[in-house]
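Novice: Here it is, the structure in full.
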Amino acid sequence: MDDEERKKVLKGKDIDKIAAACNRYPVMNLSCELGKRSDEEIELKVVLQREDELENDLVISNSFPGEKEEFWWIIVGDKKNNKVLATKRTLVKEKADIKVDFEHSDVEKVAVYALCDSYIGCDQAEEIPIPSS
């Protein structure tokens, strides 16, 4: 839609609301590395970091009846065996360092997902190979 059409359809307040929602949409970077390892468990270090600074952590949406903070779920899974190995829920202001422990008996690699509970399309995923002990 070009500017003229947009001005006919939307009022100034509507344009401001749309711009605020677009600017608030989370753009995240996910990184993971293996930490300590025991005979049964592996520690996974997950870093979830925003590309832009956040003025406030409230979600912009008409779907929630009140104020809602944006939370992220970290899910560690074994795709080969179709198993969820661990989950954690976290709030990310600018950067979150999350440690997740999971059992690794016969796991060759894990899939790590960062899923937003408030916005669609901003989820992140990474696969991490698990070296044999």
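The values are calculated or read from the model by the stated rules, or taken from the named source; none is laboratory data. Keep in mind that this is a model prediction, so the values were computed, not measured. Note that each Cβ is placed from the backbone with ideal geometry, even for glycine, and that neighbours are counted across all protein chains shown.
Novice: Please tell me if residue 93 is among the basic types (Lys, Arg), over 18 Å from residue 129 (Cβ atoms) and in contact (Cβ under 8 Å) with a residue 12 or more places away in the chain.
Specialist: On the way: among the basic types (Lys, Arg): yes; over 18 Å from residue 129 (Cβ atoms): yes; in contact (Cβ under 8 Å) with a residue 12 or more places away in the chain: yes.
Against the criterion (among the basic types (Lys, Arg), over 18 Å from residue 129 (Cβ atoms) and in contact (Cβ under 8 Å) with a residue 12 or more places away in the chain), residue 93 qualifies.
Novice: With respect to residue 112, is the statement that it is touching a residue at least 24 places away in the same chain (Cβ under 8 Å), under 30 Å from residue 14 (Cβ atoms) and among the aliphatic types (A, V, I, L, M) true? Give the steps one after another, and end with the answer.
Specialist: Numbers: touching a residue at least 24 places away in the same chain (Cβ under 8 Å): yes; under 30 Å from residue 14 (Cβ atoms): no; among the aliphatic types (A, V, I, L, M): yes.
Judged against the criteria, residue 112 is not a match.
Novice: Tell me the residue from 18, 42, 60, 74 that is at pLDDT 80 or above and in contact with a His (Cβ under 8 Å, 6 or more places away or on another chain), please.
Specialist: 42
Novice: What pairs come out if I take residues in segment 47-61 that are touching a residue at least 60 places away in the same chain (Cβ under 8 Å) and pair them with residues that are surrounded by 15 or more Cβ atoms within 10 Å (Cβ to Cβ) and in a loop (DSSP other than H, G, I, E, B) whose C-beta lies under 7 Å away, six or more apart or interchain?
Specialist: 48/92; 59/68; 59/70; 59/118
Novice: So which residues in segment 97-133 are under 24 Å from residue 57 (Cα atoms), at pLDDT below 95 and aliphatic (A, V, I, L, M), if there are any at all?
Specialist: Correct list: 120 only.
Novice: Another question, if that's okay. Which residues, counting only those in segment 109-120, are in a loop (DSSP other than H, G, I, E, B) and either in contact with a Ser or Thr (Cβ under 8 Å, 6 or more places away or on another chain) or under 14 Å from residue 31 (Cα atoms) (or both)? Even if it seems obvious, please write down each step before you answer.
Specialist: Pass one, segment 109-120, residues in a loop (DSSP other than H, G, I, E, B): 117-120.
Matches in segment 109-120: 118 only.
Novice: Moving on. If residue 105 passes every condition in (1) surrounded by 13 or more Cβ atoms within 10 Å (Cβ to Cβ); (2) outside any strand (DSSP E or B) but one, which one does it miss?
Specialist: Residue 105 satisfies every listed condition except (1).
Novice: So, residue 89, is that one among the basic types (Lys, Arg), in contact with a helix residue (DSSP H, G or I) (Cβ under 8 Å, 6 or more places away or on another chain) and loosely packed, with under 13 Cβ neighbours inside 10 Å or not?
Specialist: no
Novice: Counting only residues that are surrounded by 10 or more Cβ atoms within 10 Å (Cβ to Cβ) and of a type in the set (A, V, I, L, M, F, W, C), which one in segment 10-26 is nearest to the chain's Cα centre (by Cα)?
Specialist: Result: 21.
Novice: May I pose another question? Criterion first (among the charged types (D, E, K, R) and touching a Gly at 6+ places or on another chain (Cβ under 8 Å)) does residue 68 satisfy it?
Specialist: no
Novice: Are there any pairs with C-beta distances below 8 angstrom linking a residue in segment 13-32 that is more than 14 Å from residue 121 (Cα to Cα) to a residue that is among the basic types (Lys, Arg) and surrounded by 11 or more Cβ atoms within 10 Å (Cβ to Cβ), with the two at least 6 apart or on different chains, and if so which?
Specialist: Within 8 Å, the pairs are 15/6; 32/45.
Novice: Residue check: is residue 56 under 19 Å from the mean Cα position of the chain (by Cα), closer than 22 Å to residue 21 by Cα and in a loop (DSSP other than H, G, I, E, B)?
Specialist: Here the answer is yes, as residue 56 does meet what is asked.
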